Amino acid sequence: MEPTPAHTDALRSRIDPARVPNHVAIIMDGNGRWAEQHGEPRIMGHASGVRSVREALTGATEIGVRWITLYAFSTENWNRPRPEVEALMDLLVKTVVNEIDELHDNSVRLNAIGDLDSLPPACRKTLEDAMARTAGNSRITLTLALSYSARWEIVRMARAIAEEARAGGLDPAAIDEGTVAAHLATREMPDPELLIRTSGEQRISNFLLWQIAYAELWFTPVLWPDFRKEHLYQAVVDYQGRERRFGKTSQQVGTT
Ligand code: IPE
Ligand code: IPE
Ligand code: MG
């Protein structure tokens, strides 16, 4: 069921512009189930999810979100049947090629995190070209997590810090949270305040474990290809209704 524009506008008007999350992360899940429900092959679910990416991106841009990070392909997703993996990589290339002009025109900076060396060369090249072209854009940063997992990232961080310590450039006693954050793939990004997962699953599936330490989690049964701006706005309205205490008491944070 398509949301009506009036409903989407009504939700948007409930958002307090002063408290919009700076960074929204999304686990885009449910493409396979969507395809199954429509009697289509799984790849059609992935292809139909491209529209939802556009909706999430434009919706986020319109309310002033500055960073949006999408979990597009996990380290574990390499274990899917080969034809599905290949189709996903093809879809990624086609989508970036089709969308890059519009992204650039809208001042979107494209970014990617993950083990990009493991991607097929054509895929990596397309991404690198798109990232280079949009590097100077500043309205919103769209980060695709590709061949990404948080444990991969944490292992890599530990190795990099150990190497620096061994080379004598870093005193182990001086390692703090800032050191760790500075060695993660997300080093230039603020932590997400809001994490959305579609498809009804309530798990993190190896996404941004360090960075979501204090994120608000929002789960919806909506399957990713059905995700529209109104769902993003609903998530932001719910987020704004929550009290983020960061370990303090309700009285301390001032809204009882
Ligand atoms: C998410 O949808 C897309 C990727 C993980 C690449 P799924 O493909 O996981 O869809 P379901 O969970 O099987 O429905
Ligand atoms: C998480 O979805 C990865 C992405 C959305 C890219 P999965 O469908 O792979 O996660 P699990 O297997 O249900 O945990
Ligand atoms: Mg899934």
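Bear in mind that the values in this text are calculations on the coordinates, not laboratory data. The structure presented is a predicted model; accordingly, all values stated were derived computationally and were not measured. With ideal geometry, Cβ positions are generated from the backbone for all residues, glycine too; neighbour counts draw on all protein chains shown.
Translational D (Stokes-Einstein, µm²/s) of region 163-202 at 20 °C and 1.002 mPa s when Rh comes from the Kirkwood sum over C-alpha pairs? Walk me through the numbers on the way to the answer.
On the way: Rh = 12.9 Å.
After rounding, the answer is 166 µm²/s.
Given springs between every Cα pair under 10 Å in a Gaussian network model of the chain, which of 150, 72, 174 has the largest fluctuation?
174
What are the DSSP H helices in the chain that stretch 18 Å or more along their long axis, judged by alpha-carbon atoms, and whose average Kyte-Doolittle hydropathy comes to at least -0.5? Working shown, then result.
Working: long enough: 42-63 (32 Å, 0.03); 82-105 (35 Å, -0.07); 121-134 (20 Å, -0.66); 150-166 (24 Å, -0.31).
The qualifying helices are 42-63, 82-105, 150-166.
Return a whole-number percent for the relative contact order of the chain, with Cα pairs under 8 Å and 6 or more residues apart as the contact set. Intermediate values should be presented prior to the final figure.
Details: 379 pairs, mean separation 75.4, N = 256.
Once normalised by length, the contact order is 29 percent.
Ignoring everything except DSSP H segments at least 4 long, calculate the 222 nm mean residue ellipticity for the chain; use -39,500 (n - 2.57) per segment, divide by total residues, nearest 500.
Working: 9 runs with 115 residues, N = 256.
Result for the chain: -14000 deg cm²/dmol, rounded to the nearest 500.
So for 65, 96, 155, fewest C-beta neighbours within 10 Å to most, what's the order? It would help to have the intermediate numbers written out before the result.
Working: 65 22, 96 19, 155 11.
Least crowded to most crowded, the residues run 155, 96, 65.
Please express the Cα-Cα pair-distance distribution P(r) of the chain as a list of whole percents, one per 5 Å bin, running from 0 to the bin with the greatest distance.
P(r) for the chain, in whole percents per bin: 1, 6, 12, 16, 18, 17, 13, 8, 5, 3, 1, 0, 0.
Taking the Cα centre of region 20-240 as origin, sum charge times position over the Cβ atoms of Lys and Arg (+1) and Asp and Glu (-1), and report the length of that vector in debye to the nearest 20.
Details: 22 positive and 31 negative charges, 57 e Å.
That gives a dipole near 280 debye.
Setting aside same-chain residues fewer than 8 positions from residue 125, which aspartates and glutamates have a Cα under 20 Å from its Cα?
Straight-distance partners of residue 125: 86, 90, 99, 101, 102, 115, 117.
Pull up all non-local amide H partners of residue 216: gap of 5 or more, or a different chain, and H-to-H distance under 5 Å with H placed in the peptide plane.
Distant-sequence amide H within range of residue 216: 194, 195.
If you plug each phi of region 21-30 into the Karplus form 6.51 cos²θ - 1.76 cosθ + 1.60 with θ = phi - 60°, what whole-Hz ³J(HN,Hα) values come out, in order, with x for Gly and Pro?
Rounded to whole hertz, the list is x, 6, 9, 10, 10, 9, 8, 7, 10, x.
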